[in-house]
Amino acid sequence: MLLFLTLFVSCVSTKVSSLANPKINISEYKKILVTCNTEDKEFRKAMEKELVKEFSDNGKIAVSSLDLISPFVEMSKSELKQLYLDYDIDCILNVSVISSSNETVYVPEETRTTYTNLYYYDDYYYYPYTSSSSTVTVTGGYSITYPTAKLEINLFDVDSGETALKITANAECDEDSDAETIAESLSEKIVQEYLKQK
């Protein structure tokens, strides 16, 4: 089943699509290892932390790869398999940043003039109009740069090695978005897609 959603949360808009393997029952997984493949250390740390938190908030046990596997140590497939057995991990959620860029848009300059009429009164007479003033307001005339990212999320079954769930996400953020804000919004959407699978 292929699902397309457009979601708006805080300063991040995310378009998500998912495809589940009908041969695998995702709801039976007990412990999820989450990992994020990116050279951006800050984003990786934030993404794995937020995914673990989001899974935990929804009653699922998850652990960050940064808590189990040192990024400075190369491990063989057999060593990794033993690690998964030791920690009762039955699936791996891997987040990969496929592409990222900064989009720039120009906000056109707009000039607005507001006129104000001045009226005067005294004890006996009303002078309906004696003078006027104007205020000129200028807005725009600058550029805004905001980050965008395309991510691919794969859920792997540890026993079979098969892909149980594939999610793609396209995120657009405002210029004030930081790694933690983006990770928080993306994690919420990823876990929502995970929980929809039966």
Item to check | Accessible surface of Tyr194 - all protein chains present, 1.4 Å probe, nearest 10 Å² | outcome: 10 Å²
Checklist entry - Which GluC sites (Glu not before Pro) in the range 9-68 pass both tests, a DSSP loop state and at most 16 other beta-carbon atoms within 10 Å? => result Glu39
Checklist entry - How would you rank 166-173, 71-78, 183-190, 16-23, highest first, on the average number of other Cβ atoms within 10 Å across their residues? => result 183-190, 166-173, 16-23, 71-78
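Between Tyr87 and Lys31, 0.36 nm times their residue separation minus their Cα-Cα distance comes to what?
Values: separation 56, 0.36 × 56 = 20.16 nm, distance 0.86 nm.
Contour length minus Cα-Cα distance gives 19.3 nm.
The values are calculated or read from the model by the stated rules, or taken from the named source; none is laboratory data. Remember, predicted model here, so these are calculated numbers, not experimental data. For neighbour counting, all protein chains shown are included, and Cβ atoms are generated from backbone atoms with ideal geometry for every residue, glycine included. Just the protein is used for accessible areas: all its heavy atoms, side chains included, with ligands, DNA and RNA removed. Shrake-Rupley method; radii C 1.70, N 1.55, O 1.52, S 1.80 Å.
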